[in-house]
Amino acid sequence: MSKTLSPSALYRLNKQGYVEVSGRITTDNVSGIQAEVEKRLKSIQFPTGVKYRSEGQAKAMNEGFTNMILSMIVAVVLVYNVMLIAFGNMIMPIAILSSLPFLFTGGLLGLFATKQALGMPALVGFLMLK
């Protein structure tokens with residue numbers, strides 16, 4: 001990060017003044033950049049009444065992760081129901097779905113070994129592995 005001079009202006013949103021700080025991310029690791037920015041913002045002592053929040057791509061990414069996790073939970077429940085109907089008992093689907101923790105562990109180890117970020121494409125891949 002580096003400081004640059006910019007024209008000063010007074011912006012208002014919902015009758016409160018705000019300052020917009022933006023930047024261009026030149027890497028694919030958006031979550032890593034967001035984590036670094038959050039870490040640095042938490043280390044700053046803001047005056048009373050001053051707040052910060054992430055908008056734009058960071059906000060969309062967080063909402064996307066939340067929706068993806070919710071869809072994974074719904075997918076597990078639906079797959080369990082289909083297997084329950086297909087097998088006719090409750091034990092077989094539970095035995096098959098008990099392999100899910102190993103699936104996620106292997107996927108995360110694969111991402112770590114290849115030094116890839118846990119992003120939306122990786123989460124879609126996890127969803128397809130189910």
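The values are calculated or read from the model by the stated rules, or taken from the named source; none is laboratory data. No experiment lies behind these values; they were computed from the predicted model shown. Counting neighbours? That spans all protein chains shown, and the Cβs are built from the backbone with ideal geometry, glycine included.
Name the residues in the stretch 107-120 that are surrounded by 11 or more Cβ atoms within 10 Å (Cβ to Cβ) and either part of a helix (DSSP H, G or I) or free of Cβ contacts under 8 Å to residues at least 12 places away in the same chain (or both), would you?
Gly107, Leu108, Gly110, Leu111, Gln116, Met120
Which condition breaks for Leu84 when tested against (1) under 20 Å from the mean Cα position of the chain (by Cα); (2) surrounded by 12 or more Cβ atoms within 10 Å (Cβ to Cβ); (3) modelled with pLDDT of 90 or more?
Against the list (1) under 20 Å from the mean Cα position of the chain (by Cα); (2) surrounded by 12 or more Cβ atoms within 10 Å (Cβ to Cβ); (3) modelled with pLDDT of 90 or more, Leu84 comes up short only on (1).
If you go through the stretch 43-59 one residue at a time, do you hit one that is over 30 Å from Arg12 (Cβ atoms) and surrounded by 12 or more Cβ atoms within 10 Å (Cβ to Cβ)?
For the stretch 43-59, residues over 30 Å from Arg12 (Cβ atoms) and surrounded by 12 or more Cβ atoms within 10 Å (Cβ to Cβ): absent.
Looking only at the stretch 76-86, decide whether some residue is more than 30 Å from Lys3 (Cα to Cα), in a loop (DSSP other than H, G, I, E, B) and in contact (Cβ under 8 Å) with a residue 24 or more places away in the chain.
no
Which of (1) of a type in the set (Val, Ile, Thr); (2) in a loop (DSSP other than H, G, I, E, B); (3) under 12 Å from the mean Cα position of the chain (by Cα) does Thr66 not meet, given it meets every other one?
(2)
Of all the residues that make up the stretch 46-64, how many are closer than 16 Å to Gly119 by Cβ and of a type outside the set (D, E, K, R)?
Total satisfying the criteria: 6.
Could we say that Glu63 is of a type in the set (D, E, K, R), touching a residue at least 12 places away in the same chain (Cβ under 8 Å) and out of contact with any Phe, Trp or Tyr (no Cβ under 8 Å at 6 or more places or on another chain) here?
Numbers: of a type in the set (D, E, K, R): yes; touching a residue at least 12 places away in the same chain (Cβ under 8 Å): no; out of contact with any Phe, Trp or Tyr (no Cβ under 8 Å at 6 or more places or on another chain): yes.
Spelling it out, it is not the case that Glu63 is of a type in the set (D, E, K, R), touching a residue at least 12 places away in the same chain (Cβ under 8 Å) and out of contact with any Phe, Trp or Tyr (no Cβ under 8 Å at 6 or more places or on another chain).
Is it the case that Met68 is surrounded by 10 or more Cβ atoms within 10 Å (Cβ to Cβ) and touching a Leu at 6+ places or on another chain (Cβ under 7 Å)?
The answer is yes for Met68.
For the stretch 6-26, check the following and say yes or no: at least one residue is in a helix (DSSP H, G or I) and surrounded by 10 or more Cβ atoms within 10 Å (Cβ to Cβ).
No, the stretch 6-26 contains no residue that is in a helix (DSSP H, G or I) and surrounded by 10 or more Cβ atoms within 10 Å (Cβ to Cβ).
With modelled with pLDDT under 80 and farther than 25 Å from Lys115 by Cβ as the only criterion, which of Ser43, Ser22 stands out?
Ser22
Scanning the stretch 36-63 for residues that are of a type in the set (A, V, I, L, M) and in a helix (DSSP H, G or I), which turns out farthest from Phe104 (Cα to Cα)?
So the residue we want is Leu41.
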